[in-house]
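One structure below.
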Amino acid sequence: MNENTLSAPHPVSAHPARVYNVWLGGKDHYVVDQEAAELAAQANSTIVPSVRANRAFLGRAVRHLTGLGIRQFLDVGTGIPAAANTHEVAQQAAPESRVVYVDNDPIVLTHARALLVSGPEGQTDYVQADVRDVEAILEAAARNLDLDQPVGLMLVAILQYIKDTEDPWDITRRLLDRLAPGSHLVLSHPAADVTAPEVAESMRIYNERAASHASATPRTHAEVQRFFDGLEILEPGLVTLTRWRPGPSDVADDTLPMWCAVARKA
């Protein structure tokens, strides 16, 4: 095991943010997270490249939104800080950008407060809340963001942890309902219809080791498309990660099982 793995107290179940940290090559996780991450990656060899491509998609999307004039971002399910965090990408292009990060893992928020330091012209804030706690998220976000002005809502690789019975589509709609016209939704989600057997097996392995509230559900293209109902999806539409506005040196890989898109609220 990684000698940098976090020490006691040891949680019983894996947590999504810490498992994601393993896949990104980080050190802020427990043994249970590393075991879940390694076993899932053994079942599905596309996991690690998908996680890295997902991070690259986040960066491209934030740069695109700053180019459209967005200066406020609400990043729900931020995960443990890694390279090219939302505020870093946004403030590189527009130093006055303001970002509110949300996660439900205390470890994430501890690291966020220490590492996600805004530039002098902008602002960052951190909220400990679950994506299901829509009202709490919006109330906290409103302390630092002007919700009467456009916001970039980041739901990047988070909604798979909301079961169908908990209605992740309604959670997304309620978050968007409070945001001003001209706001944008940036969303990525594991695909159930790309390399389907491998995805199903890796999810089964992960879910066996995760807390019940953090089990993961991959979804089909049609199911992910529903998150964008009533929004204007920007070109190139709902696509695999490397197909969303790639740079000149980016290589397309349609075997990476995640759908992603950016859409505008009219």
Once the dipole of the chain is set up with Lys and Arg at +1 and Asp and Glu at -1 on Cβ about the Cα centre, which of Thr240, Val22, Val151 lies farthest towards its positive end? Val151
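Find the relative contact order for the chain and round it to a whole percent, using C-alpha pairs within less than 8 Å whose residues are 6+ positions apart. Provide the component values of the computation, followed by the final result.
Working: 515 pairs, mean separation 51.6, N = 266.
Across the chain, relative contact order equals 19 percent.
Considering only protein heavy atoms and a probe of 1.4 Å, how much of the accessible area of region 48-201 is carbon and sulfur, as a whole percent? It would help to have the intermediate numbers written out before the result.
Values: 2950 of 5810 Å².
Answer for region 48-201 is 51 percent, counting heavy atoms of protein chains only.
Note the full-extension length gain between Asp167 and Arg143 as 0.36 nm times their separation in residues minus their Cα-Cα distance, in nm to one decimal.
Numbers: separation 24, 0.36 × 24 = 8.64 nm, distance 2.70 nm.
Result: 5.9 nm gained on full extension.
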Within region 115-167, list the GluC sites (Glu not before Pro) lying in a DSSP loop whose Cβ has at most 11 other Cβ atoms in a 10 Å radius. Glu121
In sequence order, calculated HN-Hα J values of region 201-207 (Karplus, 6.51, -1.76, 1.60; Hz; x Gly/Pro): 5, 5, 5, 4, 5, 4, 5
Given the candidates Phe228, Pro120, Ala180, the one whose Cα lies deepest towards the positive end of the charge dipole of the chain, counting +1 at each Lys or Arg C-beta and -1 at each Asp or Glu C-beta, is Pro120
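Do you know the relative contact order of region 176-266, to the nearest whole percent, from alpha carbon pairs under 8 angstrom that are 6+ apart?
Working: 136 pairs, mean separation 39.5, N = 91.
Over region 176-266, the number comes to 43 percent.
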What's the magnitude of the charge dipole for the chain around its Cα centre, counting Lys and Arg as +1 and Asp and Glu as -1 at the beta-carbon? Answer in Debye, nearest 20. 420 debye
Sorted by chain and then number, the residues having a modelled amide H within less than 5 Å of the amide H of Thr124, at least 5 places away or on another chain, are Val99, Ser118
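How big is the convex hull of the Cα atoms of the chain, per residue, in Å³? Kindly include the intermediate steps, with their values, before the conclusion.
Working: hull volume 32.0 nm³, N = 266.
Hull volume normalised by residue count: 120 Å³.
What percent does the relative contact order of region 73-122 come to when contacts are Cα pairs within less than 8 Å and at least six residues apart? Intermediate results must be reported in sequence, preceding the final value.
Values: 58 pairs, mean separation 24.4, N = 50.
49 percent.
The values are calculated or read from the model by the stated rules, or taken from the named source; none is laboratory data. All values derive from a computational prediction rather than experimental measurement. All Cβ positions, even for glycine, are placed from backbone atoms using ideal geometry, and neighbour counts span all protein chains on display. Protein only, heavy atoms only, side chains kept; ligands, DNA and RNA dropped before computing areas. Shrake-Rupley method; radii C 1.70, N 1.55, O 1.52, S 1.80 Å.
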